Amino acid sequence: MAIKTILCIEDDRFIGEMYVRSLKKEGYEVDWIVDGNDGLIAARNKQYDVILLDVMLPERRGTEILEALRGGEEDLIPHSHVIILTNFEQDDESRAAMQKNADAYLIKAEITPKKLISVIKQLKDI
């Protein structure tokens, strides 16, 4: 089954609009949330194939969202891939912890919409 639904949790309007426009053009169904609390609620209430998760968000950080969804014994989103998107320089320990619970870890300054779509297409069904 191909990836169809994507939740984009990103507070930067320019980046969010760019990702959403590119992903929809590619045929994906995309929901875009701009703050951490609403993003966590959306991720818990609807099954997405992929969650694009910014680290620095208002209300709740991406690291907290990732921990809430995947950090405990019960994986609350077993059928969703999580891609971390950040420009925030993480220390090695924080980055390693996020990478353990995420399917990809991307630096926004290095990722174009085309590259992002390529990463999404490489994800395998869970």
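Taking neighbour Cβ counts within 10 Å as the exposure measure, how do Arg61, Arg44, Arg70 sort from fewest upward?
Values: Arg61 16, Arg44 13, Arg70 19.
Fewest to most other Cβ atoms nearby, the residues stand as Arg44, Arg61, Arg70.
Taking Cα pairs under 8 Å and at least six residues apart, what relative contact order does the range 5-111 come out at, in percent?
Details: 171 pairs, mean separation 26.2, N = 107.
Reported as a whole number, the value is 24 percent.
With a ≥ b ≥ c taken as the square roots of the eigenvalues of the C-alpha gyration tensor of the range 8-63, please select rounded if a/c is under 1.5 and otherwise prolate if a/b is larger than b/c or oblate if it is not?
oblate
Once the Cβ-Cβ distance between Lys100 and Lys121 is put in as r, and R0 is 30 Å, what FRET efficiency do you end up with, to the nearest 0.05?
Values: r = 23 Å, r/R0 = 0.77.
Taking R0 as 30 Å, the efficiency between Lys100 and Lys121 is 0.85.
How long are the three semi-axes of the equivalent ellipsoid for the chain, computed from the Cα gyration tensor as the root of 5 times each eigenvalue, in whole Å, largest first?
On the way: eigenvalues 73, 56, 43 Å².
Ellipsoid semi-axes (Å, largest first): 19, 17, 15.
Computed from the coordinates by the stated procedures, all read-outs in this text should not be read as laboratory data. Quantities reported herein were computed from a predicted structural model and do not represent experimental measurements. Every residue, glycine as well, gets a Cβ built from its backbone with ideal geometry; the counts of neighbours run over all protein chains shown.
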